[in-house]
Structures are given as structure tokens and as C-alpha cells.
Amino acid sequence: MKKLSQKQKQYFLRRRDLHAERRRKSKLRAKLRRLTGEPIPARLVTRDRRGNIEIKLPLPESFSLQDNYEKVMDFVNCLRKYGVQSHFRVYVDFRTLRYIGPSGALLLAAEIDRWRRIRGFKPAVRDLSQWDPVVYLLLEQMGLFDILEVTNLPKSLPIEFADISFIRFRTDQRAMGERVKELRMDLEELAGDVVPAARRLYAGLTEAITNVAHHAYPEDASYTTPPIPGRWWMSGSFEADNRHLTVIFFDQGVGIPYTVPRSHPVEKLRGLLSSLGLADDDASLIRAAMEVGRSQTGLSHRGEGLIKIKGYTDDVENGRLRILSGRGEYIYAPGEPDPKDRERRITHKTSIGGTLIQWEATLPKDGLR
Amino acid sequence: MRATIDIAKDFSDVPAGRFVSDGPYSGEAFRERHLRQALTTGQKVIVTMDGSEGYGSSFLEEAFGGLVRNGHFSPQELHDRMEIVSEDQSLVDEVWRYIDTATQPNH
């Protein structure tokens, strides 16, 4: 038999190792497939620096629910499937992220928060030097690292400037008006001005919180991803250039399209949808829930919450309300010059897996103080 | 004789939630710990609404509408015995709307 050269030996050893690695990954993917019921793309299965196999989930370049909804939800659903529902090591790769909006940021924080609470671990920041510095700054402003109890955060932070500033997240499982007050105070400190129609905003936010306690997490519902019953998340942002204020609220419950049909006779609901010229889809059900004012219980003294939530938008300059629930999106912008643009409904391919409410307003240039 | 309840000072400036189980400063808590007790003394009760961060509809309905729904008072009795004070007239109107439209229990 011909003797192998050193070079040939090294070639065959590398090939052997490569085949062994492929077999290990293939076995892992088969195991993952048995557990999740779906094939795992090979590109997601990698090794960390210590050689442990993990699922790598790169964030989309733009984490914007407005401009990139489906790709954002693809990522979120992967995190839910592999991180929360299963017991795999997951690496969330922030290096690919170049833009994050305030509502996307809150959604991301809530999903990571659920992941670490349910799995009982402390996520470690990795490859920080390769993160986009503005993204890092915004995530640090919003308190993502505080809430997640990240342990190996470097002491010095990159210094960058962004057009927008985020305020720290709040999260709780009870109707805590104190959290809403803190949010308002943070916004006012950031804006250097009072929040317009602050009492109306407080009413809307506390109603959203109360709705979560009563309706968002019914015990008899089945959940694809286990929720943390009663938990909600809240945040905000301010853009100094155009004095634009945003407040966002999110829960991971069953969503308005789930609860509305269960609290009204089918014939009544269909009649209402028909009278409003609406189809029987998630976005229309969000709209119908506001009209009915009895979104859950069918009792005359319950369910004005969504009306209160909408009410703030009418009282402020450039007021805009956006509700994402199930696969539906409802946008209400009473100040739009074209009446056709004052209310819009969108049906997405993917459910958001909860309810997200976003209020927007513009502070007057001469201030309110 | 009159009794004055200043919600922000006597109860909380951050009222939120409907039931006691919702949170520490719910509508039910306000009704049971402050409002109902003051009304049962027979005095005229003045409820001052200003000074708080605001009021959600669940809080207001449970606090005030609950007085009628739970059979403690009729709407007319409350109109006779209670006065709601606020610089925001729409808030005053909202409170009375919950009282006037609350369903009384069958006797």
C-alpha cells in the first residue's frame, strides 16, 4: 500500500472531522425535528467557542414592525420555538441588527424576558464589539440589559448619538399605576415638556393593564408558547427633531380576535361587522371591539377600555393609535387630511402572539409648560 | 355635616385596576375602604377627583357603579348624598353615567 504524505494525512483527517461534525449536527437536527415537529435549517445549527452545539438566531437587519413585520415575526417565532418551547442552547446574534424601532424593541425585550424567566437563566452578552453602536446605545437606554440581568456587560460603553431616545422598560403582572406614572415622568424628562393629555394617556394605559389582568390570559386557552400569566411590558420613546412621542404597551396573551367572538353571539358579531362594512378577519375584529365597547364579557359595565385607549388619540396633536393583535393591525389617525387614511386595517401572514398597542403624539413647538 | 374624600390624598394618586386582586389601588378597594363607609354615615359626601394621575374606566365603574350594582345604594340616593368635584367636567359626567346606568340587583 502506498504511504500517505503528511499533506494527504492532514487532508483525510480534516475530512474525517468534517464528516463527524456533519453527522453530529445531522443527529442533533433529527433530534430537534422530533421534538419540534419541524425541520431545523442547517444554517441555524452552529457551535459556540467551547464547542457546544447551539441554535443561532440572527436578528433581521431592520427590527421594525412597521416596515419589516414578517421577518421580525419569523425571528420572534424561532426564539419562541427553540428558546422558550424547547431546551436548546440559543444564541441571539445581535451583530446583524442595524435598526430597531420602539415597538420592535419592546417586543424583543418582552420575548427575551419571557425566555429567561421561563428557562431560569441569565443571558450573556456576546460579540459586543461587533454590534451596531447606535443599536447598542438604544438597547442600553431602554434598559434591556438591566431587565435581563446580563452579567458580563463591559464597563465602558460605546458613545454614539441617535435621532431617537428610548426610555426604560417597565414590566409587571399587576395593575400598578405607579409604573405608568414613572413612564410619564421619564418621558417628560426626556422631552423637557409635559406629556400632552397625560390623564387621558394614564387612563388608556391603566385600562390596557387591567384588560391584561382580566382577559388576556384565560386559563382555558391553549398556548403554543407558554405565557407568563398576567405579565405586560411598557415603554416609550422621544424624537427631539420633530418632538414626536411614542408610548408602547405589549402583552403575550390570546389577543383581541380570540376574545371578541367568545363574548358575543355569532349572529350579533356578524351583524356588527356587516353594518361597519368589515370582513371577518383579525383586523376587523379589533375595530369591532372598539365599536362594541364590550370587548370581552358582554356585560354592560365592562369593556369601555378600548374606547378609553382610543380616546387619547383624539386629544393630541398628530395623534395616532396602532393596535396589533393576532394577525390583525388597526391604525387610527384622526388628524390625517385624507379621510381614507384615518382608519386602516391590515391582515398579516403571522400572528404577533399577543397584543401590542402604540400611541403617538407630537408635542407643540412652543411647549405645553 | 359633610365628609370630603380627596382620592389622590386619601387613597392614591395612581389609582388603577378594577378588583382588589388587580392591584393595590383598585376601584373595589377605594369603594370598600373609603366611599361606602363615608356614605353609610348619612353625611353628604364630596369626592374630589383632581390631583391624581388619571382614572381608567374600570376603576371608575367599579368604584362608583359598583355602589349600585352591589345593592348598596340606588342611583337616586347617590345623587342626593354625593357630589363629584373635578375641574374636568367630562370626568364628573363619566362617573355619574356609570352610576345611572349600573344595573341594580333584583330584590
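Computed from the coordinates by the stated procedures, all read-outs in this text should not be read as laboratory data. What you see is a predicted model; the values in this text were computed from it and never measured. Neighbour counts run over all protein chains shown; Cβ positions are idealised from the backbone, glycine included.
Of note:
- Shielding by partners, peptide B:86-94 (average Cβ within 10 angstrom, other chains): 1
- Above 28 Å, the calculated P(r) of the protein assembly as shown contains 58 percent of its Cα-Cα pairs.
- 12 Å beta-carbon shell around residue A:118, net charge (K/R +1, D/E -1): +4
- C-alpha center-to-center spacing [segment A:1-66, segment B:36-57] in angstrom: 67 Å
- Two-site label geometry, residue A:145 and residue A:281: point separation in nm, points 7 Å out along Cα→Cβ: 4.2 nm
- Neighbour counts of other Cβ atoms within 10 Å put B:7, B:84 in the fewest-to-most order B:84, B:7.
- Relative contact order (%) - criterion: Cα under 8 Å, at least six apart; region: chain A: 13 percent
- Paramagnetic reach from residue B:1 in segment B:34-72 [backbone N under 18 Å; point 7 Å along Cα→Cβ]: B:34-47
- Local net charge near residue A:224, Cβ-Cβ under 12 Å (Lys/Arg +1, Asp/Glu -1): +2
- Structure note, pairs A:3/A:27; A:81/A:340; A:31/A:71; A:56/A:349; A:268/B:44: Cα-Cα distances above 32 angstrom occur for A:3/A:27; A:81/A:340; A:268/B:44.
- The modelled label-to-label distance between residue A:223 and residue A:126, using points 7 Å beyond Cα along the C-beta direction, is 2.7 nm.
- Stretching the chain fully between residue A:71 and residue A:31 yields a gain of 11.8 nm (0.36 nm per residue, less the alpha carbon separation).
- Helix-only CD estimate at 222 nm, as mean residue ellipticity for chain A, using -39500 (n - 2.57) per DSSP H run (n ≥ 4): -12000 deg cm²/dmol
- Phi angles of segment A:348-354 translate, via the Karplus equation with coefficients 6.51, -1.76, 1.60 and θ = phi - 60°, into HN-Hα couplings of 8, 6, 10, 6, 6, x, x Hz per residue; Gly and Pro are given as x.
- Net length gained if the chain between residue B:100 and residue B:50 were fully extended (0.36 nm per residue, minus Cα distance): 15.8 nm
- Estimated FRET transfer efficiency (residue B:90, residue A:118; beta-carbon r; R0 51 Å; 0.05): 0.75
- Within 10 Å of each Cβ in A:46-59, the average number of Cβ atoms from other chains: 0
- The peptide list A:225-232, A:75-82, A:237-244, A:100-107, put in order of mean Cβ contacts within 10 Å with the highest first, becomes A:100-107, A:75-82, A:225-232, A:237-244.
- Among the residues of B:19-31, the average count of other protein chain beta-carbon atoms within 10 Å of the residue beta-carbon is 4.
- For segment B:1-64, averaging the sequence separation of C-alpha pairs within contact (under 8 Å, six or more residues apart) and dividing by the residue count gives a relative contact order of 48 percent.
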